[in-house]
Amino acid sequence: MIDAILTVMGVALSAFAVWLTVRIINRRERWAKRMAGALAIALAYPLSFGPACWLTSRLGHGASLLPTIYRPLVAAMRFGDEENERRFCSAYSWMEGRPERVPNVPGGRLARFASIGAAAGWRWRYEAIYTIRPVATGDARIRLRDEAWEWSNQP
């Protein structure tokens, strides 16, 4: 679902960029030039996410700052990982009634973008704390909270 939304948004952004370019080149409208500048500034933040991850993995400094600086993008990585969580929770289901730490490595476009130029083994990860409580229809997993995200090369 999120992939379809991102695709539609990408197509809409491309169409808008073409329209704005025509306004700037053909009509030489000042407001269009200002809009293009604002759009460039707004796109610089999400597009800098990958290179920031790559640099911190290569230099070994600043990895602890990335989850804070890119909090909205890191939070967006979390969506779509329900399958990973189900797999980990089923592996830990013997711990009925006790809180359990479930490690998770998110997938998706943002996680892949972050790891394109990164040093070997570097990736985003987080731990969620769950409690497994059985119900008549099967296991009920209750998420208690997410732990801190980290960009590191730890297994």
About the Cα centre, and with charges only on the beta carbon of Lys, Arg (+1) and Asp, Glu (-1), how big is the dipole of the range 1-47? Nearest 20 debye, please. 420 debye
Looks like the range 1-47, by Cα gyration tensor root eigenvalues a ≥ b ≥ c and the a/c under 1.5 rounded cutoff (else prolate when a/b is bigger than b/c, oblate otherwise), is oblate
If each of residue 150 and residue 31 carries a label point 7 Å out from its Cα toward its Cβ, how far apart are those two points in nm? 5.1 nm
If R₀ is 41 angstrom, what is the calculated FRET efficiency for the pair residue 15 and residue 64, using the beta carbon separation as r and rounding to 0.05? 0.55
Which of 9, 35, 77 has the fewest Cβ neighbours within 10 Å, and the rest in rising order: 9, 35, 77
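Read-outs throughout are calculated quantities, based only on the coordinates presented, and are distinct from any laboratory measurement. None of the values given here were measured: they were computed from a predicted structure. With ideal geometry, Cβ positions are generated from the backbone for all residues, glycine too; neighbour counts draw on all protein chains shown.
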